[in-house]
Every structure is written in structure tokens, then in C-alpha cells.
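Student: Have a look at this one before I ask anything.
The values are calculated or read from the model by the stated rules, or taken from the named source; none is laboratory data. Please read these numbers as outputs of a predicted model, since none were measured by experiment. Every residue, glycine among them, receives a Cβ derived from its backbone with ideal geometry; neighbour counts consider all protein chains shown. What goes into the accessible areas is simple: the full protein's heavy atoms, side chains included, and nothing from ligands, DNA or RNA. Shrake-Rupley method; radii C 1.70, N 1.55, O 1.52, S 1.80 Å.
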Amino acid sequence: MQSAGNQAFTFRILGPLEVECAGRKVRLGGFRQQALLATLLLEAEHVVPIERLLEAIWEDTPPASAKGQVRICVSAIRRQFVGAGVGDLIETHPAGYRIRLPNTALDLARFEHLAALGRSAARDRQPEQAVDLFRSALAQWKGPVAAGLESRVLRQAATVLREEQLSVLEECVDLELQMGRHRKVVGELYRQVAENPYREQMCAQLMLALYRSGRQADALRQFRETRTLLSAELGIDPGESLRTLEQAILAEDPSLETPSRPAPVEAGRAAPVASLIRQPAHRAVKASWTDHTLAMRTRLTSLQQANLRLQATLKL
């Protein structure tokens with residue numbers, strides 16, 4: 001949390017929209033004020049054009065008085081913040097509005113910062129530290145972005161950030177599988193695969209965690225369930241890489257066993273599970289690293305990557 005004078009305040013957008021000051025929740029107004037504030041928080045430190053705020057509140061049908069109503073909403077939020085001890089954090093600009101927040105005051109900023117530190121630790125071959133940082137980043141999430149606020153702008157942002165959340169989780173689980181924590185992650189992976197059944201990387205992680213836990217039959221059952229789902233809903237088969245993993249499990253391939261010690265992993269590079277399921281059968285037993293960009297993915301890039309993965313799946 002960040003201090004404003006002698007008061008400590010924090011903002012939450014990764015879940016229901018909440019503002020706290022000195023340990024007490026700040027009472028927010030109705031939908032319009034909350035949608036406006038949530039949109040500003042998603043672009044904290046940047047000027048949000050008035051047109052985007054109009055879309056966040058009214059989508060395609062803003063009334064003639066919309067801009068005036070936005071000014072009224074901003075004034076009301078300012079009064080609420082000042083009255084609660086948070087202070088006046090919203091700036092007015094010719095093109096729109098900007099909320100100024102220290103990084104530690106917003107859960108989204110903390111998530112992104114901790115995820116970046118986790119990737120840095122992974123690059124430095126410090127898997128324990130990387131996992132702790134990834135888990136701290138994931139702990140910032142309390143539910144869908146701006147949960148309960150129905151707005152196209154917020155739904156689009158939620159899609160982008162959900163992709164980044166799942167990517168961080170996959171990176172974290174890859175490290176934990178290398179560290180022999182397969183039993184620890186099985187339950188979590190079951191839940192995530194149920195919620196995200198088209199993510200073959202996550203399905204592969206679950207299959208490997210089950211196999212290493214002495215549950216070969218369950219691992220193969222998971223593959224069959226995924227194959228049935230993809231066939232019934234999309235008319236496709238699992239990708240070659242996932243089929244390769246199934247064959248390795250059937251053959252009880254020694255390469256699937258837990259490494260004697262964690263292999264070095266670099267952030268942004270494929271870890272053993274991803275490496276295994278993306279290789280042809282005759283190369284599956286080799287440790288192979290697939291280069292990806294090392295730069296921190298922006299929210300837009302995350303969405304583009306999600307779209308590319310979906311397109312690639314549909315073409316298989």
C-alpha cells in the first residue's frame with residue numbers, strides 16, 4: 001500500500017473493484033463511477049481519452065449529455081477520495097483524464113512487477129526465487145478483472161490480462177515440475193484445465209504431473225478427454241506435440257521422469273514440459289530450448305499471442 005499523507009491506500013482491479021484507505025473500504029458510487037474508475041486504473045499513469053471513457057460506460061449509445069455526465073462522475077470520485085483521505089489523484093487533461101498512482105498502490109502494477117522479477121530470477125537460474133515471485137504475482141488476483149462490471153472495454157481488458165495471468169501460471173508450473181513438485185500442482189492444474197480446456201500446454205503439464213505422481217492411467221484419461229472435447233467442439237485433434245506426449249507416457253519413456261536436479265530455465269524460454277510436447281517423437285528425449293522474446297510482454301502483445309495460439313490450434 002501507498003501513503004497519502006498519514007493515510008495508507010490501495011486500489012484493486014484484479015477481481016472486484018475496491019479502494020481502501022487506512023484499512024477501510026472507500027465507498028464508491030454506482031456503475032458509471034465504477035466503470036470510469038476501473039478504466040482509469042487499467043491505464044494508470046496514462047491519459048485515457050474521453051471517448052474511451054464514454055465507451056466504457058455506454059458502449060455504442062452514449063447520450064448527448066455523456067461528456068457532462070463524465071465530468072460529474074470524475075468530480076464525485078474526487079470528493080469521495082478526498083473525503084476518505086486518499087487525496088485528489090485524478091488529473092484533467094484536454095484529451096481526457098489520468099489517475100496518478102505509485103506502483104505499489106495498484107494490484108495490477110504489483111502483479112506485472114512481480115512477474116517481471118520472476119522472469120528475471122528464472123533467467124538468473126534461481127528457480128526457487130522465481131517460483132516465489134510468480135506465486136506472489138498470481139496471489140494479486142482475486143477474480144476476473146473488474147468483476148461484476150459489465151462493460152465492453154472492461155471485458156476486452158479482462159481477456160488480455162487473463163492471458164497474461166495464465167502465461168505466468170504456466171511459466172511457474174514449468175519450474176515447479178522441474179523441481180519435483182508434481183504432486184503439489186496436480187489439483188491446481190485440474191481446476192485450470194477445466195476452466196481453460198483448449199490450452200494444450202496446460203493439459204500437457206497436468207498429464208506430466210499425473211504421470212510423475214504414479215498415475216499413468218489418469219494422465220492418459222486426461223488426454224482422451226481433451227481429444228474428445230476438441231473433436232466435439234472444434235472438429236480437430238490434439239496437436240502433434242500433445243500426441244507425442246501421450247505416446248511417451250504409454251511407452252513409459254525415461255525422459256519423463258523428474259530431473260535429478262532442476263534444469264536451468266530462462267524466462268521467456270520453453271521449459272522441459274513445453275519443450276517435450278513440441279518436439280517430434282524422435283527428438284522428444286532431448287533437452288531442447290525454444291527461443292522466445294525476453295522482453296516483458298505488453299498487454300497488447302499478450303492478446304496477440306493468444307490469438308496466434310488459437311489460430312494455430314484451429315489449423316492443426
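Student: So which pairs qualify, if the first residue must be in segment 228-255 and without any contact (Cβ under 8 Å) to a residue 60 or more places away in the chain, the second must be among the β-branched types (Val, Ile, Thr) and open to solvent by 50 Å² or more (accessible area, probe 1.4 Å), the Cβ gap must be under 9 Å, and the two must be at least 6 apart or on different chains?
Tutor: Short answer, once both residue conditions are applied: Ala248/Val285; Asp253/Val285; Pro254/Val285; Ser255/Val285.
Student: A follow-up question, please. Quick check on this structure: which one of Ala139, Ala121, Ala130, Ala115 is of a type in the set (A, V, I, L, M, F, W, C) and either open to solvent by 40 Å² or more (accessible area, probe 1.4 Å) or modelled with pLDDT under 95 (or both)? Spell out how you get there, then give the answer.
Tutor: On the way: Ala121 fails: either open to solvent by 40 Å² or more (accessible area, probe 1.4 Å) or modelled with pLDDT under 95 (or both); Ala130 fails: either open to solvent by 40 Å² or more (accessible area, probe 1.4 Å) or modelled with pLDDT under 95 (or both); Ala115 fails: either open to solvent by 40 Å² or more (accessible area, probe 1.4 Å) or modelled with pLDDT under 95 (or both).
Testing whether each residue is of a type in the set (A, V, I, L, M, F, W, C) and either open to solvent by 40 Å² or more (accessible area, probe 1.4 Å) or modelled with pLDDT under 95 (or both) leaves just Ala139.
Student: Separate question: Identify all residues within segment 196-211 that are among the hydroxyl-bearing types (Ser, Thr, Tyr) and within 15 Å of Gly239 (Cα to Cα); write none if there are none. Don't jump to the end; show me each part of the working.
Tutor: Going through segment 196-211, the residues among the hydroxyl-bearing types (Ser, Thr, Tyr) turn out to be 198, 211.
Across segment 196-211, the qualifying residue is only Tyr198.
Student: Another question, if that's okay. Please specify each residue of segment 42-60 satisfying the condition of being within 21 Å of Phe111 (Cβ to Cβ) and either in a loop (DSSP other than H, G, I, E, B) or touching a strand residue (DSSP E or B) at 6+ places or on another chain (Cβ under 6 Å) (or both).
Tutor: Glu43, Ala44, Glu45, His46, Val48
Student: Sticking with this one: Determine whether segment 23-33 contains at least one residue that is crowded, with 16+ Cβ neighbours inside 10 Å, within 25 Å of Trp141 (Cα to Cα), touching a Ser or Thr at 6+ places or on another chain (Cβ under 8 Å) and charged (D, E, K, R).
Tutor: No, every residue in segment 23-33 fails to be crowded, with 16+ Cβ neighbours inside 10 Å, within 25 Å of Trp141 (Cα to Cα), touching a Ser or Thr at 6+ places or on another chain (Cβ under 8 Å) and charged (D, E, K, R).
Student: While we're looking at this one, here's another question. Need the failing condition index for Tyr198 against (1) touching a Leu at 6+ places or on another chain (Cβ under 9 Å); (2) open to solvent by 40 Å² or more (accessible area, probe 1.4 Å); (3) over 30 Å from Ala137 (Cα atoms); (4) outside any helix (DSSP H, G or I), just the number.
Tutor: Exception for Tyr198: condition (3).
Student: Which is in a helix (DSSP H, G or I), open to solvent by 40 Å² or more (accessible area, probe 1.4 Å), within 26 Å of Leu17 (Cα to Cα) and out of contact with any helix residue (DSSP H, G or I) (no Cβ under 6 Å at 6 or more places or on another chain), of Arg224, Arg155?
Tutor: On the way: Arg224 fails: within 26 Å of Leu17 (Cα to Cα).
Every option except Arg155 fails the conditions.
Student: Additional query: What about Glu188, is it closer than 20 Å to Ser136 by Cα and either modelled with pLDDT of 95 or more or under 19 Å from the mean Cα position of the chain (by Cα) (or both)? Steps first, answer last, please.
Tutor: Values: closer than 20 Å to Ser136 by Cα: yes; either modelled with pLDDT of 95 or more or under 19 Å from the mean Cα position of the chain (by Cα) (or both): yes.
Yes: the conditions hold for Glu188.
Yes/no matrix, rows are residues, columns are (1) within 23 Å of the chain's Cα centre (by Cα); (2) open to solvent by less than 20 Å² (accessible area, probe 1.4 Å); (3) under 13 Å from Ser151 (Cβ atoms); (4) modelled with pLDDT under 95:
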site: Ala35; (1), (2), (3), (4): yes, yes, yes, no
site: His46; (1), (2), (3), (4): yes, no, no, no
site: Pro49; (1), (2), (3), (4): no, no, no, no
site: Glu55; (1), (2), (3), (4): no, no, yes, no
site: Pro63; (1), (2), (3), (4): no, no, no, no
site: Ser75; (1), (2), (3), (4): no, no, no, no
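Student: Also, quick follow-up: I'd like the full set of residues that are surrounded by fewer than 19 Cβ atoms within 10 Å (Cβ to Cβ), closer than 24 Å to Glu18 by Cβ and small (Gly, Ala, Ser), limited to segment 77-95.
Tutor: Scanning segment 77-95 gives Gly83, Gly85, Gly87.
Student: Take the residues in segment 1-22 that are surrounded by fewer than 16 Cβ atoms within 10 Å (Cβ to Cβ) and closer than 14 Å to Gly83 by Cβ, then tell me which one is modelled with the highest pLDDT.
Tutor: My answer is Ala22.
Student: From the residues in segment 57-80 that are without any contact (Cβ under 8 Å) to a residue 60 or more places away in the chain and aliphatic (A, V, I, L, M), which one is farthest from Leu28 (Cα to Cα)?
Tutor: Ala64
Student: For segment 228-244, indicate whether the set of residues that are closer than 18 Å to Gln178 by Cα and either at pLDDT 95 or above or in contact with a His (Cβ under 8 Å, 6 or more places away or on another chain) (or both) is non-empty.
Tutor: Taking segment 228-244 first, the residues closer than 18 Å to Gln178 by Cα are none.
No: segment 228-244 contains no residue that is closer than 18 Å to Gln178 by Cα and either at pLDDT 95 or above or in contact with a His (Cβ under 8 Å, 6 or more places away or on another chain) (or both).
Student: While we're here: Check Arg261, Arg269 and return the single one that is open to solvent by 90 Å² or more (accessible area, probe 1.4 Å), modelled with pLDDT under 95, within 30 Å of Ala121 (Cα to Cα) and not in a helix (DSSP H, G or I). Full working, then the answer.
Tutor: Values: Arg269 fails: open to solvent by 90 Å² or more (accessible area, probe 1.4 Å).
Just one listed residue meets the conditions, Arg261.
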